[in-house]
Structures are given as C-alpha cells and as structure tokens.
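**Q** Here it is, the structure in full.
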Amino acid sequence: MRSLFALLVLSLAAPLSAQVVAIRAGTVIDPAHGAGAKDQVILVENGKIKSIGAGLAIPAGAQVIDLSQQWVTPGLIDAHTHMTLTEIANAPFESFYLNQSSTLRGLHGLHNVMQALQAGFTAVRDVGNSAEYAMSDVRRAIDEGWFAGPTIIDSGKIIAPFGGQSLGIPPRQGPFWQFEYIDADGAAEIRKAVRTNIYYGAGVIKLVADNSAYHYSVEEIRAAVDEAHRAGLPVAVHVYTADAADNAIEAGVDSIEHGFELTDAQLRRMKEKGIFLVGTDFPRAHLDIVGDSGGLLPKPAVLAPMIIDRLKRAHRIGVRMAFGTDTTVDMPGRTRADMMLDYLAVWRAAGVPPADILRAMTVDAAELLRINKARGSIAVGLSADLVATPANPLDDIENLRRIDFVMKDGKIVRRP
C-alpha cells in the first residue's frame with residue numbers, strides 16, 4: 001500500500017507533458033513574401049510552433065487537425081480599434097459615454113474582442129475611448145485565462161490638448177471628457193500624462209494632435225516620444241490635417257493614425273523615417289452612419305474619395321502601413337468583426353494587391369505593435385496564432401471573410 005501511495009504521489013507531482021498538435025496544411029502563406037508553401041505540417045507544442053515543413057513526421061499521440069484543403073496564414077491584426085466605443089448616429093460625439101459606466105464599457109469591449117477572435121483577429125491594438133481604463137481590465141482578464149480573446153495592446157486614456165476631442169462644451173458643464181481623456185498642454189504635462197498611462201498598464205501611447213484649432217507642437221509631441229520610447233512603448237498620433245502631420249513626423253512618432261490629408265511630400269518623409277500609416281480607411285457605408293461625428297470629420301461624400309486617394313498614394317510611395325479600422329458604429333445583424341472586414345473593400349478600391357493587404361494585417365502590424373518577436377508570422381518559436389480559410393486570400397483578399405479555423409496560442413478557438 002505504501003509503495004502504491006508513493007507512486008500516486010509521484011504521478012500527481014510530475015508535470016503532464018503537453019500534447020502536440022499536428023496541423024496538416026494544404027498551403028501555408030508567408031505574408032512577408034506573398035508566397036505559399038504547399039503540403040506543410042505544423043507541429044504545435046506548449047502554445048508555440050515547434051516545427052514546420054513538408055513531410056514532417058507526426059509524433060505518436062499527437063492531435064491531428066486536417067487543413068489539407070485550406071490556406072493557413074498568421075492570425076490577423078487590427079492596429080486601430082475602439083472596442084468599448086459605440087458612436088450614436090447623428091448625435092454629439094460625447095453621447096456614447098455620458099450614460100455608460102466603465103464596467104459596462106468593459107463588458108461591451110470584451111464582447112467585441114471575443115467576436116473579433118472568432119473572425120480571425122488574434123491581436124488588436126485598442127487606442128482609447130475606454131472610460132477609466134476599461135480595456136486594460138479586459139486585457140488583464142484575457143491574460144489570466146478567464147476568457148478567450150485576442151492579444152490586446154491598449155493605450156489607456158487618450159492624451160490631448162485641453163478639451164480632448166470635444167468641441168464647444170459650456171464651462172458650466174465641467175470637463176466631463178476627462179472620463180475618456182487626459183488634458184495635457186506643454187511638455188511637462190505631456191510627460192506626466194504618458195507616465196500616468198504607463199502606470200496603469202498602457203502598451204502604446206496615443207495622442208490626439210489636431211481636433212481643435214490649437215495643435216500639439218513638435219516639442220510637445222517629442223516629449224511624448226521621448227518618455228514613451230524610454231519605457232519601450234511606441235507612440236501613435238491621431239492626425240487629420242496636413243499641418244499637424246508635419247509636427248508629428250518631425251517629432252519621430254511611430255505611427256500616424258488617419259492622416260486623411262497627408263501630402264505626397266509628407267508620405268515620403270514618413271517612408272524615410274520608417275513611420276507607419278494606420279489609415280483607418282472607412283467604407284462609405286460606415287461614414288454614412290457616423291456622419292461628420294459631431295463636426296470632427298468632413299462630410300462622407302467628401303471624406304470617402306479622399307481616403308481612397310490617400311491610401312492609393314501611400315501604397316505607391318511605399319509607406320509602411322498597418323491595417324486599422326476604427327469601427328465605432330453598429331449595424332443591425334452584423335458583428336463588430338464583420339464591420340472590421342468591410343475595410344478590405346476600400347484597400348481593393350485603392351488598387352492595393354491582396355498580398356500587400358495581408359502583409360499589413362499580419363507581419364507589418366505585428367512590427368508596429370512590437371509583438372513581432374512573438375506573433376505575426378508562422379515560424380518556429382513564435383506563438384501559434386493561426387487562421388485558415390478554404391479559399392486563397394492571395395487571389396482575393398475577401399476570402400478572409402471565410403475563415404473557419406482559428407488557433408490562439410496553440411488553443412483551438414474555432415474549427416470547421
């Protein structure tokens with residue numbers, strides 16, 4: 001009895017060996033080169049890719065997944081989301097957060113990111129409008145394993161000149177926008193705001209440069225870049241106008257968000273400095289719901305062709321680009337993930353080839369998010385964030401709408 005008891009104790013104490021998952025892939029796509037390798041076997045162990053190759057031996061006892069008729073790519077990445085934000089059509093910009101608590105916003109964000117993961121987005125960068133750091137808590141809950149969700153890089157509160165992204169609020173109402181924003185004017189206040197967000201867990205620093213008549217100066221943006229880079233964090237700057245873009249480019253930010261009015265000269269300087277464009281290339285149907293977002297945007301009839309023209313020029317010049325959607329509205333019968341994929345049509349309309357779009361949604365976006373040493377490619381040692389579709393996305397990028405297999409960190413989230 002004693003020997004049996006001892007054996008039982010030893011067996012319970014010994015770590016269980018993780019089961020190997022073997023994926024038989026019809027074609028594995030390498031987005032970095034826009035090429036595919038046929039009849040590959042991907043071995044996954046402990047959440048990471050252990051080996052990959054043609055004719056690879058499958059270990060005894062491995063769980064075998066047959067994707068031999070599928071195209072397998074790295075998980076998709078959206079570099080500009082607001083998962084806790086839903087704008088109300090034809091209503092003031094502030095209306096969405098005046099009657100919603102941080103808890104409700106967080107639950108809504110969790111709902112949206114779980115849907116995004118089901119659609120194949122294994123990582124998202126959430127750039128603010130999440131109340132009192134609600135998205136940071138969503139990220140922590142997913143990291144703890146309480147829920148299945150994508151990797152989240154979140155910005156905390158958006159840093160902006162006085163007023164956030166609100167316009168013309170009467171003094172008697174008070175600075176209620178601080179529920180969503182940190183007012184920061186001058187280099188010292190900006191440094192403090194950056195440190196505040198880092199303290200609360202931000203993985204990217206987000207500035208709004210030009211929602212008001214007053215813009216952030218080069219000195220102010222450079223203070224944010226210096227403070228964030230010393231902490232190992234990138235800086236994303238919301239820019240609509242060409243004037244504010246000059247300051248952001250000169251200050252050496254990591255990405256310009258939106259950039260609807262960027263000139264060719266500015267795009268060339270971005271290319272020279274390695275600054276990413278996250279263009280948030282709204283489909284016209286989305287713009288028709290948002291309208292002018294309370295005066296923050298041009299009218300849809302003006303903005304829609306402007307977006308396609310800027311995207312076309314940015315691609316021609318060779319600016320580094322990461323796919324980002326900025327979906328902030330709801331459509332009946334459609335998920336947030338469905339609407340994120342609507343942006344593919346805009347890239348197609350701008351003449352961007354499928355291979356370049358897929359690269360912007362995977363390897364390039366991973367580099368911008370600073371997760372490329374762990375995710376964004378299908379390579380040995382990286383996390384097994386994989387998706388598969390029965391049709392080749394390099395022939396038609398819209399085939400990403402047909403994703404029916406999703407793996408996150410080696411765990412199967414969805415399968416045919």
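The values are calculated or read from the model by the stated rules, or taken from the named source; none is laboratory data. Owing to the predicted nature of the structure, the values given are computational and were not obtained by experimental measurement. Note that each Cβ is placed from the backbone with ideal geometry, even for glycine, and that neighbours are counted across all protein chains shown. What goes into the accessible areas is simple: the full protein's heavy atoms, side chains included, and nothing from ligands, DNA or RNA. Shrake-Rupley method; radii C 1.70, N 1.55, O 1.52, S 1.80 Å.
**Q** With respect to residue 331, is the statement that it is more than 30 Å from residue 269 (Cβ to Cβ) and without any contact (Cβ under 8 Å) to a residue 60 or more places away in the chain true?
**A** Considered against the rule, which asks whether it is more than 30 Å from residue 269 (Cβ to Cβ) and without any contact (Cβ under 8 Å) to a residue 60 or more places away in the chain, residue 331 comes out as yes.
**Q** On the basis of being assigned to a helix (DSSP H, G or I) and crowded, with 16+ Cβ neighbours inside 10 Å, does residue 316 make the cut?
**A** When the stated conditions are applied, residue 316 does not pass them.
**Q** Could you list, in sequence order, the residues of the stretch 108-144 that are open to solvent by less than 10 Å² (accessible area, probe 1.4 Å), closer than 20 Å to residue 73 by Cα and among the polar types (S, T, N, Q)?
**A** The one that is open to solvent by less than 10 Å² (accessible area, probe 1.4 Å), closer than 20 Å to residue 73 by Cα and among the polar types (S, T, N, Q): 122.
**Q** Is there a residue being in contact with an Asp or Glu (Cβ under 9 Å, 6 or more places away or on another chain), within 27 Å of residue 261 (Cα to Cα) and not β-branched (Val, Ile, Thr) anywhere in the stretch 171-178?
**A** Yes, the stretch 171-178 contains a residue that is in contact with an Asp or Glu (Cβ under 9 Å, 6 or more places away or on another chain), within 27 Å of residue 261 (Cα to Cα) and not β-branched (Val, Ile, Thr).
**Q** Can you find even one residue in the stretch 103-114 that is touching a residue at least 40 places away in the same chain (Cβ under 8 Å) and farther than 20 Å from residue 236 by Cβ?
**A** No: zero hits.
**Q** I'd like to verify a number: residues in the stretch 386-404 that are of a type outside the set (Gly, Ala, Ser), in a loop (DSSP other than H, G, I, E, B) and surrounded by fewer than 19 Cβ atoms within 10 Å (Cβ to Cβ), how many?
**A** Going through the stretch 386-404 one residue at a time, the tally reaches 5.
Residue-wise test of (1) among the β-branched types (Val, Ile, Thr); (2) outside any helix (DSSP H, G or I); (3) farther than 21 Å from residue 403 by Cα.
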site	(1), (2), (3)
100	no, yes, yes
111	no, no, no
116	no, no, no
124	yes, yes, no
131	no, yes, yes
140	no, no, yes
146	no, yes, yes
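**Q** For residues that are aliphatic (A, V, I, L, M) and over 22 Å from residue 126 (Cα atoms), scanning just the stretch 367-383, find the one that is most open to solvent (accessible area, probe 1.4 Å).
**A** So the residue we want is 380.
**Q** Tell me, which residue of the stretch 220-236 that is part of a loop (DSSP other than H, G, I, E, B) and among the hydrophobic types (A, V, I, L, M, F, W, C) is nearest to residue 371 (Cα to Cα)?
**A** This residue is 233.
**Q** Okay, next question. Take the conditions out of contact with any helix residue (DSSP H, G or I) (no Cβ under 8 Å at 6 or more places or on another chain), aliphatic (A, V, I, L, M), open to solvent by less than 10 Å² (accessible area, probe 1.4 Å) and under 29 Å from residue 49 (Cα atoms) and apply them to residue 355. Does it pass?
**A** no
**Q** What strands (runs of 3 or more DSSP E) completely inside the stretch 29-75 contain at least 2 residues that are in contact with a His (Cβ under 7 Å, 6 or more places away or on another chain) and of a type in the set (Lys, Arg)?
**A** Filter on the stretch 29-75 gives an empty set.
**Q** Can you say whether residue 351 is out of contact with any Gly (no Cβ under 8 Å at 6 or more places or on another chain), within 30 Å of residue 143 (Cα to Cα), part of a loop (DSSP other than H, G, I, E, B) and touching a residue at least 12 places away in the same chain (Cβ under 8 Å), as far as the supplied structure shows?
**A** It is false that residue 351 is out of contact with any Gly (no Cβ under 8 Å at 6 or more places or on another chain), within 30 Å of residue 143 (Cα to Cα), part of a loop (DSSP other than H, G, I, E, B) and touching a residue at least 12 places away in the same chain (Cβ under 8 Å).
**Q** I need a count of the residues in the stretch 290-312 that are surrounded by fewer than 16 Cβ atoms within 10 Å (Cβ to Cβ) and assigned to a helix (DSSP H, G or I).
**A** Count: 6.
**Q** Looking at (1) within 18 Å of the chain's Cα centre (by Cα); (2) assigned to a helix (DSSP H, G or I); (3) hydrophobic (A, V, I, L, M, F, W, C), which is the one condition that is false for residue 107?
**A** Every condition holds for residue 107 apart from (1).
**Q** If you take the residues in the stretch 89-98 that are open to solvent by less than 90 Å² (accessible area, probe 1.4 Å) and in a loop (DSSP other than H, G, I, E, B), which one is nearest to residue 329 (Cα to Cα)?
**A** 89
**Q** Same structure again: Quick one: count up the residues across the stretch 255-283 that are open to solvent by 40 Å² or more (accessible area, probe 1.4 Å), farther than 15 Å from residue 225 by Cβ and either part of a strand (DSSP E or B) or free of Cβ contacts under 8 Å to residues at least 40 places away in the same chain (or both).
**A** 4
**Q** Filter the stretch 25-38 down to residues that are under 10 Å from residue 71 (Cα atoms) and of a type outside the set (A, V, I, L, M, F, W, C) and give me whichever is surrounded by the fewest Cβ atoms within 10 Å (Cβ to Cβ).
**A** Looking at residues that are under 10 Å from residue 71 (Cα atoms) and of a type outside the set (A, V, I, L, M, F, W, C), I get 38.
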